[in-house]
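The values are calculated or read from the model by the stated rules, or taken from the named source; none is laboratory data. Values in this document were obtained by computation on a predicted structure and should not be read as measured data. Because the Cβ atoms are built from the backbone with ideal geometry, glycine has one as well, and the counts that use them run over all protein chains shown. What goes into the accessible areas is simple: the full protein's heavy atoms, side chains included, and nothing from ligands, DNA or RNA. Shrake-Rupley method; radii C 1.70, N 1.55, O 1.52, S 1.80 Å.
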Amino acid sequence: MILWTYLMLGIGIPVATFHHYMEESGGARAVDFFQLLGHRSFQMFQETTHPAASVILQRIIQLAQAHDTKNFEVECSVCRFLIHSVCC
């Protein structure tokens, strides 16, 4: 018998913050929020993740379950996950 495991992660981020994080040092943006979602406020993406992104996803889940996690730690991991998911 094969058991499948699925992990789901919801990330809420203001558009301006997303644009700031995705901006290149010269000011250009290769990825625009509206290219990903259009004018919807939510989109569910179902796809396999890169192994490195899967490790980061596991870390985010661990951080979310820990009681002494700082918001900064979670946000850094989420940014790392977004980079692997959007840019790779």
Quiz item: Any idea how many residues of the range 30-63 are at pLDDT 85 or above and either in a loop (DSSP other than H, G, I, E, B) or loosely packed, with under 15 Cβ neighbours inside 10 Å (or both)?
Solution: 4
Quiz item: Within the set of pairs 6 or more residues apart or between chains, which connect a residue that is closer than 22 Å to N71 by Cα inside the range 35-59 to a residue that is at pLDDT 75 or above and open to solvent by less than 90 Å² (accessible area, probe 1.4 Å) with Cβ atoms less than 8 Å apart?
Solution: A52/H84; A53/F81; A53/H84; I56/S77; I56/F81; I56/H84; L57/F81; R59/S77
Exercise. Return yes or no: is H67 open to solvent by 70 Å² or more (accessible area, probe 1.4 Å), at pLDDT 80 or above and more than 21 Å from P14 (Cα to Cα)?
Key: yes
Quiz item: Does V74 count as at pLDDT below 80 and either in contact with a helix residue (DSSP H, G or I) (Cβ under 9 Å, 6 or more places away or on another chain) or open to solvent by 100 Å² or more (accessible area, probe 1.4 Å) (or both)?
Solution: no
